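Participant: Structure below; questions to follow.
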Amino acid sequence: MSVNTTNPQNISVNTILQKLGISELNEMQEEASLAISSAEEVIILSPTGTGKTLAFLLPVMSALKKEIHGVQVLILAPSRELAMQIEQVARAMGTGYKINCVYGGKSFSKDKIELKVAPSLLIGTPGRIADHLRRGTISVTNIHTVVIDEYDKSLEIGFEGEMSEILEILPSKIKKILTSATKGNVQPHFLHLDKPQVINYLDDGIPKLTVKSIISPEKGKLNTLLKAICHFGDQSGIVFCNYKESIERISDFLKQNGIDHGIYYGGMEQIDREQELVKFRNGSHKILVATDLAARGLDVPELDYILHYHLPLKYHEFTHRNGRTARMHKGGTAYVLHWVDEELPAFIGNVKEEVLTDQDLPEKSEWATILISGGRRDKISKGDILGFFIKQGQIDAGDIGQIEIHHDWSFVAVKNHQVDHAIEQLDKEKLKTKKVKLKVV
């Protein structure tokens with residue numbers, strides 16, 4: 001089965017998929033796209049990493065009309081990271097429609113300036129969207145579709161009031177699309193769903209995940225964690241903790257032992273969190289030590305494993321953490337690191353022990369990340385950056401890795417041996433029409 005929908009800008013789905021580097025839609029995406037195109041209420045239930053974002057973006061972008069001015073589709077996401085991820089995918093589709101993303105922590109006055117010319121697609125967190133609606137900076141007149149991505153997470157973290165307020169303001173006849181990576185029994189009452197069409201792929205791929213335990217002989221598990229990381233070798237993974245204080249303690253310990261890694265938790269500045277994810281995606285480091293903030297809604301690469309340094313408190317936390325690996329029908333392993341006298345929660349059950357072998361420290365990454373002080377607002381493309389490094393920087397294409405462009409800045413992965421040369425050649429030089437600064441992240 002294939003989806004032949006085209007959008008009003010005459011860009012075919014096949015062209016969009018080529019731009020995204022995807023050969024074809026998976027079964028869930030095709031079924032969801034057809035359901036959204038034909039039904040007024042759709043709930044998509046599918047594990048993390050199966051492509052739910054594209055599943056709803058393709059049909060809702062296809063429903064946009066260029067002759068209509070103003071917001072036509074509103075997408076609500078529980079976190080700014082997820083909102084920004086949706087924005088990146090929507091922009092990468094290259095449909096030509098105006099897209100904006102608003103969230104807490106970003107200047108409201110900056111939002112107002114960007115929204116003076118209303119986007120066709122507006123993405124945001126419930127708190128910031130509700131704030132804009134109260135202040136009248138967004139018109140809802142032409143909104144025909146609302147998407148609530150990871151709706152259960154929004155309810156869990158206390159956005160029910162804001163979402164209820166938003167739905168009261170939106171037009172009464174509106175298409176409603178909900179997504180989740182878990183099958184919650186609670187559907188938001190304020191949506192007034194009648195008979196939603198449910199696309200349920202939650203059981204797909206579950207056997208691909210292997211759960212194992214790693215037993216620490218000591219209550220303080222740091223030495224066992226280090227041994228586990230050496231045992232895993234060059235594999236990439238996330239180490240989940242329950243508290244940011246633990247992350248700082250673990251990070252200090254890993255630094256002392258020469259283990260490259262990133263950290264990720266709610267108390268960090270937004271730019272710092274973005275940089276850590278960029279480095280994780282491009283291979284500058286292969287280990288991320290994080291709280292449950294990283295358990296879903298993040299655009300991260302295929303992971304070989306996740307490790308529960310702290311036992312999750314609830315089953316759904318266990319499920320979402322595990323969902324970061326064994327994605328898109330690929331295999332993966334979730335390790336539960338626990339003290340020998342620590343009893344595992346009933347929802348984890350009896351799992352096979354992984355016996356750790358003595359191994360050397362993993363090799364350092366060959367990549368480093370350079371930040372460039374220019375981004376989308378400066379009309380800079382990946383091709384511009386690649387040419388900048390190859391022609392002006394005289395760096396071989398093989399020494400340049402993943403390039404990411406954000407609104408105000410861009411990031412480039414460069415082989416370690418070329419970093420100093422790149423900074424020396426390109427710092428304060430012109431990239432297109434802008435003189436840019438470069439620094440190592």
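No lab work stands behind these numbers, since they all come straight from the coordinates. Please read these numbers as outputs of a predicted model, since none were measured by experiment. All Cβ positions, even for glycine, are placed from backbone atoms using ideal geometry, and neighbour counts span all protein chains on display.
Participant: Label GLN392 and GLU27 with points 7 Å out from Cα along Cα→Cβ: what is the distance between them in nm?
Facilitator: Here the modelled spin labels are 5.0 nm apart.
Participant: Which translational diffusion coefficient, to the nearest whole µm²/s, is obtained for the range 13-200 from the Stokes-Einstein equation, given a Kirkwood hydrodynamic radius over C-alpha pairs, 37 °C and 0.692 mPa s? Could the numbers behind the result be given before it?
Facilitator: Numbers: Rh = 16.5 Å.
Approximately 198 µm²/s, per Stokes-Einstein.
Participant: Next up: Would you please classify the overall shape of the range 367-440 from the alpha carbon gyration tensor, given that a ≥ b ≥ c denote the square roots of the eigenvalues, rounded means a/c under 1.5, and beyond that prolate means a/b larger than b/c while oblate covers the rest? Present the calculation step by step, with values, prior to reporting the outcome.
Facilitator: On the way: a/c = 1.56, a/b = 1.41, b/c = 1.11.
Because a/c hits 1.5 or more and a/b exceeds b/c, the range 367-440 counts as prolate.
Participant: Let me ask something else about it. Between the DSSP loop rule and a limit of at most 16 other Cβ atoms within 10 Å, which GluC sites (Glu not before Pro) in the range 345-398 are left? List each step's numbers first, then the result.
Facilitator: Working: sites: GLU353, GLU354, GLU363, GLU366; in loops: GLU354, GLU363, GLU366.
Qualifying residues, ordered by number: GLU363, GLU366.
Participant: Just in the range 194-262: which GluC sites (Glu not before Pro) are loop by DSSP and have at most 16 other Cβ atoms within 10 Å?
Facilitator: On the way: sites: GLU218, GLU245, GLU248; in loops: GLU218.
When the GluC sites (Glu not before Pro) of the range 194-262 are filtered for loop state and at most 16 Cβ neighbours within 10 Å, GLU218 remain.
Participant: Based on the Cβ-Cβ distance from ASP234 to SER381, what FRET efficiency comes out when R0 is 25 Å, to the nearest 0.05?
Facilitator: 0.20
Participant: So, R0 is 51 Å and r is the distance between the beta-carbons of ALA92 and ASP360; what FRET efficiency does that work out to, to 0.05? The partial results should precede the final answer.
Facilitator: Numbers: r = 39 Å, r/R0 = 0.77.
Efficiency at R0 = 51 Å is approximately 0.85.
Participant: At q = 0.10, 0.17, 0.19 Å⁻¹, what base-10 log of I(q)/I(0) does the Debye formula yield for the range 206-353 when every alpha carbon is treated as an equal point scatterer in vacuo?
Facilitator: Relative scattering, expressed as log10 I(q)/I(0), comes to -0.30, -0.95, -1.22.
Participant: Give the dimensionless ratio obtained when the Cα radius of gyration of the chain is divided by 2.2 N^0.38 Å.
Facilitator: On the way: Rg = 22.5 Å, N = 441, 2.2 N^0.38 = 22.2 Å.
So the chain has a normalised radius of gyration of 1.01.
Participant: Charges on Cβ only, +1 for Lys and Arg, -1 for Asp and Glu, centred on the Cα centroid of the chain; of ILE306, VAL117, GLN359, which one is farthest towards the dipole's positive end?
Facilitator: Result: VAL117.
Participant: Follow-up. The range 401-430: which trypsin sites (Lys or Arg not before Pro) are DSSP loop and have at most 10 other beta-carbon atoms within 10 angstrom? Spell out each step's value before the answer.
Facilitator: Details: sites: LYS415, LYS428, LYS430; in loops: LYS428.
Sparse-neighbourhood loop trypsin sites (Lys or Arg not before Pro): LYS428.
Participant: Quick check for you: which residues of the range 34-61 have the amide N under 19 Å from the point 7 Å beyond the Cα of TYR315 toward its beta carbon?
Facilitator: Counting only backbone N, you get 45-48.
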